[in-house]
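Chemist: Once you've had a glance at the structure underneath, I'll fire off some questions.
The values are calculated or read from the model by the stated rules, or taken from the named source; none is laboratory data. Owing to the predicted nature of the structure, the values given are computational and were not obtained by experimental measurement. Every residue, glycine as well, gets a Cβ built from its backbone with ideal geometry; the counts of neighbours run over all protein chains shown. Surface areas here come from the heavy atoms of the whole protein model, side chains and all, with no ligands, DNA or RNA. Shrake-Rupley method; radii C 1.70, N 1.55, O 1.52, S 1.80 Å.
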Amino acid sequence: MGSPSKVIHELDLESLGGCKFIGQVRWATYGAVTDENAQPHEVSCRQHLLGAHNGNLSNTDSLKEFLADARHRVASDNDGEMLVHLVEHYYHEQLAQPGKHDPAARVDGLLQAILRANRKAVGSYAACVSAPDIEGIFAVKAGSSLYAGKGSDEDGDFILVSSDLTSVLAKTRFLIPLVEGQGIYFTATDYFVFSLSDGSRSVPGLKRSKLNIADIALQPKYHFFMEQEIDSTAANLDTILKYYFAQGWEDAFFPVFERHQQACKEMVFALLKLYALFEPGALKEAFLQIIHSPGFATIARELRALPGRERAPAAPAFFSSDEAQLLRELREFGEEHDPALFILDRIIIWKKKRKVIRFRDQAVALFRQSFDRGGRVFFIGAGTSYHAALCAGYFFNNLTTLGIVPCNPDLFRSVHMNSLRPGDVLVAITQSGETKDLVDILNRVRETFRDAIPVIAVVNNENSTIPQEKADFFLPLLCGPEIAVAATKSFSAQLALFHLLASSLIQDAPLPRQSLEKARHLVGYTLKTCEEDVTAVMLQFFLKPSIHVLGTSLIGLAREGALKIREVVLNHAEGYDAAEFKHGPNTILGKSTLYSFTDLEAVLADMAEFCRDLLANTKDADSAARFCSWVHGFKFDDFSAEILNGDDAVASMRDDTARSQETYRRFREQVNAEKYFSNYPLIFVCPPDERDIRITISQIHTHKIRGADVVLIAEENAELAKALEGKPSGLANYFCRYIKIPASGDRNLFVFQAAVVLQQLALKMSVAKMKYLNRARIENHGVHPDVPKNVSKSITVD
């Protein structure tokens, strides 16, 4: 149990020998955080097995009863142990059959046991299991993500699997294709893939990953992935602009590609086949066949004839298509191929872009058609994606006369599912494309309505389950891999796409592109100009146990800002509509039972000072020492009763009750709870809208006099500044800070700017609190901007 980076050293794992390894670093779904519940689980009731899983088994309790009845010794509450015991149970039965003791028969026996266990278990999971008497490891993909790769290093050949693609890419770029409902058996050199339904086997060829570990590595200028990903927001908006709108260079290139579109498509397909070639000679030969083909020669000739056509840059950095990594590898065959590679890069962009723009226009047409028929457009997402859906509602309300219905999967299932009708449209929003509760929603819609309800996916992982299997088509976010658990750049990409869709419903065609270009500039400028104020707020708030983020007309943004604080700072935070806060939640203002670390430090400092004074000024040093020792036990609430009833710790003071009572009175006077109440932190987010400004001014006045410290995120406004900076009477310790957003005058673009400011605040608070807790030597506190406790990147449980 504990942080993997520490546990590795505590258990001295790096010094162990062997050729098989199974580890687990995900948070537990079932069972408390204890060593007993930590995975992997080792079992040996009937056969010696080791295994771990990621996901959840919803019939864990029934499985535990089944295993107990079969006399298995279940040591934990973790569903992973139930799965390993279940495989063990059936493996023992398989080995009891004749002829099951040679190595190949044992592998087959464990495979059959896994198939039977999978039929018995109910849930979604990925798992690994092995036995000491077989050479390899089994892994299954039964509802949760699983990736496999093959490679070699200084220690020889290896095959590995992981629920996280980045950990595979850290070792190799050659992947073994796995799809849902399959498993894999692998040694260091060989493997086969099998079906979980019937056990049929195959050996699919390796595929070269389009990603390189360098594409997902932490750049030297950054300390954390969250920091890097927030800072990449402007560049990500550039990518959305590149694929969703026409670029200047395309006017010359794209007509040529369109005239030869069949040849271009064939070239792209041929290029993609190169991912399956690993021998350099074969790779070069196949590449040369592409660029020496008649179709390519014709296209290259027409492009050379264009007046003032764009030239290929001299460095490999010019590749910007999805296949940039492959093209960089092909460039190693000689720089003389640069012009051809440049053309291929542009053809790949053309092919993807024409699909993206077609899907964009198709989505806008579906929205218009639905609204014209009186239908509804549901934007459904979980967590950050739900908050983006709420912001989409804000954009549609401001830019059009058409309203969408934002909801999370549970809200949709419980409130809207049974009222669906032909003419409605579903927009499924998910960064990973694997969100389990969203998959369940889409499955039910398909079962009930077949193709009568169009489904559009908004997704970052284009090759995932939802865009490839559950949606009619998808709109890509195009923001690249997001390593930090807390979604930041993908949220901004969702905002950009939803603003684009809403503004595309307006007849003024140039508006969508112009707005996003302006947003791209403002985001980068905002991060630079607001950093000093954000840092000041961080220093004031990072140890506060609870915070409310109040958005005026921006409930989605307020909730997202609060979620970021909860995720990476581990402080309680709530996002509310600013005007709604006065309807009950405002009771938390003023004196409450919330104390921060700094409040407790003040209590301890006052107690220590009182004890020092008492020891220095009393004649009865022994009694004073016992009194001070007793104070450190935090028993002062019952001090009077203990004096009168003869507590042993103050027995020597019993004869002089008056003196004892006076000591206690002075103690309570100096260490008085009244002194340690602090103002409650509120963060207001106010767009540049006259009505919203009036509401925010009213709410600031209403709450600061009741004991609130107020931070305001807004464009500069004199009336807002007066409301914020006026110190309430009797509250000398009132704190306020105005984080002035660079002015755009556009309430929709303000959302992009405020979003990155809230992300930056959460990042800085997380780093500060992590360092504070580390200095205090608090173990397993779980505060980290990239990998906070209890959450993982892809949610694979219901």
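Chemist: Do the conditions hold for L563, that is, is it touching a residue at least 24 places away in the same chain (Cβ under 8 Å), out of contact with any Ser or Thr (no Cβ under 9 Å at 6 or more places or on another chain) and in a helix (DSSP H, G or I)?
Modeler: No, not satisfied.
Chemist: Do we find that N733 is open to solvent by 60 Å² or more (accessible area, probe 1.4 Å), free of Cβ contacts under 8 Å to residues at least 12 places away in the same chain and either in a helix (DSSP H, G or I) or under 26 Å from G590 (Cα atoms) (or both) in this structure?
Modeler: Criteria not met by N733.
Chemist: Also: Cβ contacts < 6 Å: first residue under 16 Å from G31 (Cα atoms), restricted to the range 58-71; second residue open to solvent by 30 Å² or more (accessible area, probe 1.4 Å) and modelled with pLDDT of 90 or more, any location; separation 6+ or different chain. Result?
Modeler: From the range 58-71, the pairs are S58/V122; N59/V122.
Chemist: When only residues in the range 22-41 that are at pLDDT 80 or above and surrounded by 14 or more Cβ atoms within 10 Å (Cβ to Cβ) count, which is farthest from S162 (Cα to Cα)?
Modeler: N37
Chemist: A further question follows. Looking at (1) at pLDDT below 95; (2) part of a loop (DSSP other than H, G, I, E, B), which is the only condition P688 fails?
Modeler: Here P688 meets the rest and fails (1).
Chemist: Next up: R346 fails exactly one of the following numbered conditions: (1) closer than 20 Å to F254 by Cα; (2) without any contact (Cβ under 8 Å) to a residue 24 or more places away in the chain. What is the number of that condition?
Modeler: Result: R346 fails condition (2) only.
Chemist: Tell me, please, whether a residue that is within 20 Å of K355 (Cβ to Cβ) and surrounded by 23 or more Cβ atoms within 10 Å (Cβ to Cβ) can be found in the range 518-534.
Modeler: no
Chemist: Right, next: Does H85 satisfy the criteria of being of a type outside the set (K, R), more than 21 Å from V161 (Cβ to Cβ), open to solvent by less than 10 Å² (accessible area, probe 1.4 Å) and not in a loop (DSSP other than H, G, I, E, B)?
Modeler: yes
Here's the yes/no breakdown for (1) at pLDDT below 95; (2) touching a strand residue (DSSP E or B) at 6+ places or on another chain (Cβ under 6 Å):
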residue	(1), (2)
D692	no, no
I713	no, yes
A718	no, no
K727	yes, no
G730	yes, no
K740	no, no
A754	no, yes
Q760	no, no
K764	no, no
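Chemist: Suppose we filter the range 201-213 for residues that are without any contact (Cβ under 8 Å) to a residue 24 or more places away in the chain and open to solvent by 60 Å² or more (accessible area, probe 1.4 Å); how many remain?
Modeler: 2
Chemist: Something else now. Report, ordered by the first and then the second residue, all pairs with beta carbons closer than 7 Å, sequence separation of six or more or different chains, a first member in the range 745-771 that is free of Cβ contacts under 8 Å to residues at least 40 places away in the same chain, and a second member that is hydrophobic (A, V, I, L, M, F, W, C) and open to solvent by 10 Å² or more (accessible area, probe 1.4 Å).
Modeler: Taking only residues 6 or more apart or on different chains, not a single pair turns up.
Chemist: I've got another one for you. Taking the stated definitions as given, is A493 at pLDDT 95 or above and crowded, with 16+ Cβ neighbours inside 10 Å?
Modeler: Yes: the conditions hold for A493.
A quick yes/no check of all residues on (1) at pLDDT below 95; (2) touching a helix residue (DSSP H, G or I) at 6+ places or on another chain (Cβ under 6 Å); (3) farther than 29 Å from Y243 by Cα:
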{"site": "L522", "(1), (2), (3)": "no, yes, no"}
{"site": "T526", "(1), (2), (3)": "no, yes, no"}
{"site": "D533", "(1), (2), (3)": "no, no, yes"}
{"site": "L543", "(1), (2), (3)": "yes, yes, yes"}
{"site": "L554", "(1), (2), (3)": "no, no, no"}
{"site": "A562", "(1), (2), (3)": "no, no, yes"}
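Chemist: Return the total of residues in the range 350-409 being small (G, A, S), touching a Gly at 6+ places or on another chain (Cβ under 9 Å) and either open to solvent by 40 Å² or more (accessible area, probe 1.4 Å) or within 19 Å of S490 (Cα to Cα) (or both).
Modeler: Looking only at that region, the number is 6.
Chemist: Inside the range 395-434, can you point out the residues that are part of a strand (DSSP E or B) and either of a type in the set (G, A, S) or touching an Asp or Glu at 6+ places or on another chain (Cβ under 8 Å) (or both)?
Modeler: A428
Chemist: Where residues in the range 700-715 are in contact with a Lys or Arg (Cβ under 8 Å, 6 or more places away or on another chain) and part of a strand (DSSP E or B), which of them is surrounded by the fewest Cβ atoms within 10 Å (Cβ to Cβ)?
Modeler: E715
Chemist: Scanning for something open to solvent by 10 Å² or more (accessible area, probe 1.4 Å), within 23 Å of L274 (Cβ to Cβ) and not aromatic (F, W, Y), does the range 181-200 turn up at least one residue?
Modeler: No, the range 181-200 contains no residue that is open to solvent by 10 Å² or more (accessible area, probe 1.4 Å), within 23 Å of L274 (Cβ to Cβ) and not aromatic (F, W, Y).
Chemist: Whether any residue in the range 608-615 is closer than 26 Å to L763 by Cα, surrounded by 16 or more Cβ atoms within 10 Å (Cβ to Cβ) and touching a Ser or Thr at 6+ places or on another chain (Cβ under 9 Å) is what I want to check.
Modeler: No, because not a single residue in the range 608-615 is closer than 26 Å to L763 by Cα, surrounded by 16 or more Cβ atoms within 10 Å (Cβ to Cβ) and touching a Ser or Thr at 6+ places or on another chain (Cβ under 9 Å).
Chemist: Identify, by number, the condition in (1) open to solvent by 40 Å² or more (accessible area, probe 1.4 Å); (2) in contact (Cβ under 8 Å) with a residue 12 or more places away in the chain; (3) hydroxyl-bearing (S, T, Y) that Y90 doesn't meet.
Modeler: Going through the list (1) open to solvent by 40 Å² or more (accessible area, probe 1.4 Å); (2) in contact (Cβ under 8 Å) with a residue 12 or more places away in the chain; (3) hydroxyl-bearing (S, T, Y), Y90 breaks only (1).
Chemist: Suppose we filter P728, P785, P742 for residues that are touching a residue at least 12 places away in the same chain (Cβ under 8 Å) and crowded, with 19+ Cβ neighbours inside 10 Å; which single one remains?
Modeler: Sole residue among the options that is touching a residue at least 12 places away in the same chain (Cβ under 8 Å) and crowded, with 19+ Cβ neighbours inside 10 Å: P785.
Chemist: Now a separate question. What residue, among those in the range 567-589 that are polar (S, T, N, Q) and touching a residue at least 12 places away in the same chain (Cβ under 8 Å), is surrounded by the fewest Cβ atoms within 10 Å (Cβ to Cβ)?
Modeler: N586
Chemist: Can you report the number of residues in the range 134-169 which are open to solvent by less than 50 Å² (accessible area, probe 1.4 Å), in a strand (DSSP E or B) and either polar (S, T, N, Q) or touching a residue at least 24 places away in the same chain (Cβ under 8 Å) (or both)?
Modeler: Residues meeting the conditions: 15.
Chemist: Could we say that L475 is in contact with a Phe, Trp or Tyr (Cβ under 7 Å, 6 or more places away or on another chain), outside any helix (DSSP H, G or I), touching a residue at least 12 places away in the same chain (Cβ under 8 Å) and surrounded by fewer than 19 Cβ atoms within 10 Å (Cβ to Cβ) here?
Modeler: Considered against the rule, which asks whether it is in contact with a Phe, Trp or Tyr (Cβ under 7 Å, 6 or more places away or on another chain), outside any helix (DSSP H, G or I), touching a residue at least 12 places away in the same chain (Cβ under 8 Å) and surrounded by fewer than 19 Cβ atoms within 10 Å (Cβ to Cβ), L475 comes out as no.
Yes/no matrix, rows are residues, columns are (1) out of contact with any His (no Cβ under 8 Å at 6 or more places or on another chain); (2) under 21 Å from H387 (Cα atoms); (3) aliphatic (A, V, I, L, M):
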site	(1), (2), (3)
R444	yes, no, no
V458	yes, yes, yes
G480	yes, yes, no
V523	yes, yes, yes
E532	yes, no, no
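Chemist: Here's something else I'd like to know. Among the residues of the range 443-469, which ones are within 22 Å of the chain's Cα centre (by Cα), surrounded by fewer than 22 Cβ atoms within 10 Å (Cβ to Cβ) and assigned to a helix (DSSP H, G or I)?
Modeler: Within the range 443-469, Q468 is the sole residue that qualifies.
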